[in-house]
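Below is a structure I'd like to ask you about.
The values are calculated or read from the model by the stated rules, or taken from the named source; none is laboratory data. The shown structure was predicted, so the numbers you read here are calculated from the model rather than taken from an experiment. Cβ sites come from the backbone with ideal geometry, for glycine too, and all protein chains shown count toward neighbours. Heavy atoms of the whole protein, side chains included, go into the accessibility calculation; ligands, DNA and RNA do not. Shrake-Rupley method; radii C 1.70, N 1.55, O 1.52, S 1.80 Å.
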Amino acid sequence: VEKLNKFLEAQWTYLMIEHPEWATHVGYPGQNDRWTDRSEAAIDRREKETFCQFEILNKIPFNKLKGEDQINFELAKRNLEINIESFKFSGRYLVLDHLGGLHTRLAYIMNMMPKENGKAVEDMLARLDKVPTLEAQDETLLRKGLKEKITAVKMFLKYVPAQFDKILPEKVEDSALYAPFKDLKLSAEENLKYQAQAKAVIGNKVYPALKKLRSFLEKEYIPGAREDVAFSNMPNGKDWYALKVKDSTTTDLTPEQ
């Protein structure tokens, strides 16, 4: 039991560090100035580390566990197995569609971040400062998706440029990205200082990065996106869809069944 608990604790810490947005969402401390690294090198590394986690978990003797501990073991093992099976496909390229992408993720995370003191606000600014890197990483993945014919569906992507426009109004002060800085509960002097910094980083870094991504979508990605709505018509799509069914239903039934 002690080995399992240590494994689960270490896995949770790993997930919080590797996925800082999730850490912010659940209130895990110390990650609010960072984003998930979506470079292909980092994605490859995380895949290798998932295999390592699977090996470590399987060294824990299942028959010595009881009750809830057996359930926790089986859930952890199943999640790792699904992740490992998914590595056969190229889900890394599907980072944007009509339901969300970098533009919506930014607005969501920025508006849920804590801002009760100067350090918290500086974390917000640090995240905004890194947006050009996020854009470059996502654009790289989307470009590779185009080449591999693994993209979102064209008929739905037509709604995405308008989503960007809503987040990129002419005045930075009217943007959802700036909204969290309007009601800071700090001193008047600090409020003004951080609001000026927010306007600068949003106007000089975030806006150009998002406009670049929007332009790429309009000129290259949407025109080259797949026409067919069936997931199964992508490369290895039938097996990929079957895995998604398995993951969502927690059964071994085929999609036809």
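Consider just the alpha-carbon atoms of the chain and return their Rg together with their Dmax, both in angstrom.
Considering the chain through its Cα atoms, Rg and Dmax are 21.0, 64 Å.
Once the Cα atoms of helix 188-201 and of the chain are each reduced to a long axis, what angle between those two axes, in degrees from 0 to 90 to the nearest 10, is obtained?
70
Residue 247 label point, 7 Å along Cα→Cβ, cut-off 17 Å on backbone N: hits in region 146-187?
150-153
Also: Quick check: residue separation of residue 236 and residue 3 times 0.36 nm, minus the Cα distance between them. What number comes out in nm?
80.1 nm
Right, something else. Averaging over every viewing direction, what projected area does the convex hull of the Cα atoms of region 126-257 cover, in nm²?
Dividing the Cα hull surface by four gives the mean projection, 10.9 nm².
Per the 1.4 Å probe, what fraction of the accessible area of region 193-257, in percent, lies on carbon and sulfur atoms?
49
Could you give the angle, 0 to 90 degrees to the nearest 10, between helix 131-148's Cα long axis and the longest principal axis of the Cα atoms of the chain?
Between helix and principal axis, roughly 50 degrees.
For residue 182, list the lysines whose Cα falls under 25 Å from its own Cα; do not include residues on the same chain fewer than 8 positions away.
Once the sequence-local lysines are set aside, what remains near residue 182 is 115, 119, 130, 166, 171, 193, 199, 205, 211.
Can you classify region 190-251 as rounded, prolate or oblate using the Cα gyration tensor, where a ≥ b ≥ c are the square roots of its eigenvalues, rounded means a/c under 1.5, and otherwise it's prolate if a/b beats b/c and oblate if not?
oblate
Name the shape class, rounded, prolate or oblate, that the alpha-carbon gyration tensor gives for region 147-204, where a ≥ b ≥ c are the square roots of its eigenvalues, rounded holds for a/c under 1.5, and otherwise prolate holds if a/b is larger than b/c and oblate otherwise.
Verdict is prolate for region 147-204.
Separate question: For the chain, what does the accessible surface come to per residue with a 1.4 Å probe? Please give it in Å².
Accessible area per residue: 56 Å².
List the lysines whose Cα lies under 29 Å from the Cα of residue 238, skipping any in the same chain that are fewer than 8 positions away.
Cα-Cα hits under 29 Å: 48, 77, 88, 144, 147, 149, 154, 158, 246.
While we're looking at this one, here's another question. Using a 1.4 Å probe on the protein chains only, how many percent of the accessible area of region 66-114 belongs to carbon and sulfur?
51
State the percentage of accessible surface on region 126-186 attributable to carbon and sulfur atoms; use a 1.4 Å probe and exclude ligands, DNA and RNA.
Carbon plus sulfur share of accessible area: 55 percent.
To continue, here is another question. How would you classify region 59-192 from its alpha-carbon gyration tensor, with a ≥ b ≥ c the square roots of the eigenvalues: rounded for a/c under 1.5, else prolate if a/b is greater than b/c, otherwise oblate?
It is oblate, given that a/c is not under 1.5 and a/b is not larger than b/c.
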